[in-house]
């Protein structure tokens, strides 16, 4: 891959998905895009770039998807799910006793392991019996959303993080594949969404999972997304970030959730939001880039 | 250092499991069938058992029943690791006292995830 090919891909990925690749990530691009080039019948990345430049929109979309699809597994990192079960949900169950409903957003759901992990937790909590529980799962990549919707996982996938009792309880075996039961799948709604674009239409949430995705964005983009998320979360709601992510030094829209690493709550005491409620959802230059 | 008894009639599988588990800071004891595994447990109970199902002399299912009936035999965490990958076998294993279940083939990530799940890591 030539430096100019890399620069072209870097710029395109930044504009389309917010992915902020540093100069030393050529190996990542090669590992993801060489297989895609071969699949398209092309010898390598230079030819792939050439074809993309010739307005091959479908191929460009595939490139963005290939670069933004991240590995995921059930109950990844375990601790956020323990916090959800042991602290966040019990508090919400008390606070929402009158309306008996909970909404959760998985902002980068990938192939579905995260929203379905949450769905299984909700399903297995007797206190939520009879409640309206809704999980909205969004991702930039249509291909992973389709896989998530299908709810079919390989033997390898169901063994990464999923306790065996949950596998037996919530899945049906079909040869080497495992199909999630319809009641769990029905708890999750899927929508394609680019976090660089307006997402206020999704409504208000009690919990937002946004793990291991903002890590690829630059500071300004992260701050803008946090700001917009802060306007879509209940005052007593919780934002869950990845183990290596934080709001510290990026935004004051959220503050750390007491004694629970990786969890944040809206900062209702801050003086004034940086972006007023009536202002555009994102800076105009980013709107233009996202298109 | 915690101990893990690896029970499998395949020396290749025992070798692969040893390499993975030593990387997770376990001291490994090997046994090639359930009877030898039971003898090892009578000498000293391990912290964990990685257990195959189909083996000569005494299979993993029978070994597990014997282990759980031993004094202190309820303490070791037992993770089945077998080609018996159907729900009926999994349910039988759990009913007999297995803590987790790995369906072969497996890799380091799966073993790590399962050992984490039962609190061994």
Rounded to the nearest 5, what % of the DSSP beta bridges within the protein assembly as shown are antiparallel ones?
25 percent
In whole angstrom, largest first, the equivalent ellipsoid semi-axes that the Cα gyration tensor gives for region B:2-117 are 18, 17, 14
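Return a whole-number percent for the relative contact order of region B:4-104, with Cα pairs under 8 Å and 6 or more residues apart as the contact set.
Value for region B:4-104: 25 percent.
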If you average the C-alpha positions of region B:30-81 and of region B:104-119 separately, how far apart do those two centres end up, in angstrom?
18 Å
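Obtain the radius of gyration and the Kirkwood radius of region A:99-172 from its C-alpha atoms and give Rg over Rh. Can you show the working numbers first?
Details: Rg = 13.0 Å, Rh = 13.3 Å.
For region A:99-172, the value is 0.98.
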In degrees, nearest ten, helix A:113-123 long axis to first principal axis of chain A (Cα):
10 degrees
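Averaged over peptide A:167-173, how many Cβ atoms belonging to another chain are found within 10 Å of each residue's Cβ?
Details: counts 4, 5, 0, 0, 1, 1, 5.
Taking all residues of A:167-173 together, the mean is 2.
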Among A:218, A:86, A:198, which one shows the highest mean-square fluctuation when chain A is modelled as a Gaussian network with alpha-carbon springs under 10 Å?
A:86
Degrees, to the nearest 10: A:26-39 long Cα axis against longest axis of chain A
80 degrees
Please report the antiparallel percentage of the DSSP beta bridges confined to region A:79-266, to the nearest 5.
40 percent
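What's the average, rounded to a whole number, of partner chain beta-carbon atoms within 10 Å of each residue's beta-carbon in B:80-86? Mind showing how you got there, number by number?
Details: counts 1, 0, 0, 0, 0, 4, 2.
Taking all residues of B:80-86 together, the mean is 1.
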Determine the relative contact order of region A:79-266: mean sequence separation of Cα pairs under 8 Å and six or more apart, normalised by residue count, in whole percent.
21 percent
Angle, helix A:219-230 long axis vs. longest principal axis of chain A, Cα atoms, 0 to 90°, nearest 10?
30 degrees
Whole-number value, in Å³ per residue, for the convex hull of the alpha carbons of region A:3-66 is 75 Å³
Can you tell me the relative contact order of region A:176-280? Whole percent, Cα pairs under 8 Å, sequence separation 6 or more.
23 percent
Would you compute the Debye intensity of chain A from its alpha-carbon atoms alone, equal scatterers and no solvent, and pass along log10 I(q)/I(0) at q = 0.08, 0.10, 0.11, 0.12 Å⁻¹ to two decimals?
-0.37, -0.58, -0.70, -0.83
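Bear in mind these aren't lab numbers, they're just calculated from the coordinates by the rules spelled out. No experiment lies behind these values; they were computed from the predicted model shown. A quick note on method: Cβ atoms are made from the backbone with ideal geometry, for glycine too, and the neighbour counts reach across all protein chains shown.
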